Amino acid sequence: MSSLHDFATWEPLLRLLRAGNADRLSAPDGRVGGQIGRYAWSVPLRRSPPPPGRAARFEDMQDEFAAVMRVQSALAEAGEDSAAFVAEPSPAGKAVLHLLRSGPAVEPGIGSPHPGALVLVEVAVPEPWRRMPEPVPGAVPAPSADPAVLERTLHERVPGPITRTVLEGDLD
């Protein structure tokens with residue numbers, strides 16, 4: 001198992017997320033999510049502004065950089081470009097981390113751990129992205145519509161589009 005799937009790799013970031021998002025995490029089903037790539041990241045951490053008359057310095061964000069660089073090193077070690085995650089760190093000290101990986105048919109979301117578009121044909125742009133559909137009053141699914149057949153067809157054509165790894169541990 002690579003260190004990307006080791007709770008200890010993510011622990012410093014989870015501590016920062018818990019401290020920086022206490023209000024959101026105290027709500028029922030509170031969670032935060034983001035993405036970390038080898039060269040960039042999008043995590044919901046609010047940075048404190050520097051004192052008046054001084055620009056932000058590395059020291060002001062050192063904890064965030066160290067936590068993210070730990071994950072970036074694990075990404076490089078695993079040969080992965082990025083990792084999307086949803087974290088559920090509780091004030092009591094327990095944490096659950098969901099690592100989301102998507103296949104080549106799934107475009108990543110922008111600034112979010114959630115997937116973007118599902119592309120069934122390589123290099124094709126899905127029709128709804130090219131134009132908005134015209135509204136049709138009273139439209140209903142055809143009697144022949146079968147959600148189970150659609151799901152089975154998608155699984156056949158796009159095997160394993162999204163996988164999820166769940167890591168759990170203590171932050172205290």
| field | Accessible surface, the chain, averaged per residue in Å² (probe 1.4 Å) | value | 67
| note | For region 1-91 the mean separation of alpha carbon contacts under 8 Å (6+ apart) over residue count, i.e. relative contact order in percent, is 45
| query | Where nothing but the Cβ of Lys and Arg (+1) and of Asp and Glu (-1) is charged, how large is the charge dipole of the chain around its Cα centre, in debye to the nearest 20? | reply | 400
| query | Around A76, what is the net charge, scoring Lys/Arg as +1 and Asp/Glu as -1 over all other residues with Cβ under 15 Å from its Cβ? | reply | -2
| request: State to the nearest 20 debye the size of the charge dipole of region 1-60 about its Cα centre, where the only charges are +1 on K and R beta carbons and -1 on D and E beta carbons. | output: 200
| request: At 7 Å along the Cα-to-beta-carbon direction for both D172 and V136, put a label point, then send me their distance in nm to one decimal. | output: 5.7
| Farthest toward positive dipole pole in the chain [+1 Lys/Arg, -1 Asp/Glu at C-beta], among L97, P52, A117 | P52
| task | Would you mind telling me the share, in percent, of accessible area of the chain contributed by carbon and sulfur at probe 1.4 angstrom? | result | 56
| field | Point-to-point label distance, H5-V96, nm (Cα→Cβ direction, 7 Å offset) | value | 1.9
| Gyration tensor (Cα) of the chain, equivalent ellipsoid semi-axes in angstrom | 36, 20, 18
| note | Taking r as the C-beta separation of D63 and L154 and R0 as 41 Å, the FRET efficiency to the nearest 0.05 is 0.50
| request: Largest first and to the nearest Å, give the Cα extent of region 1-94 along each principal axis. | output: 46, 33, 17
| query | What FRET efficiency would be calculated for the residue pair I110, S144, taking the C-beta separation as r and a Förster radius of 35 Å, to the nearest 0.05? | reply | 0.45
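The values are calculated or read from the model by the stated rules, or taken from the named source; none is laboratory data. A quick note: this is a predicted structure, and the numbers were derived from the prediction, not measured. Cβ: placed from backbone, ideal geometry, glycine included. Neighbour counts: every protein chain shown. These accessible areas exclude ligands, DNA and RNA; they are computed on the full protein's heavy atoms, side chains included. Shrake-Rupley method; radii C 1.70, N 1.55, O 1.52, S 1.80 Å.
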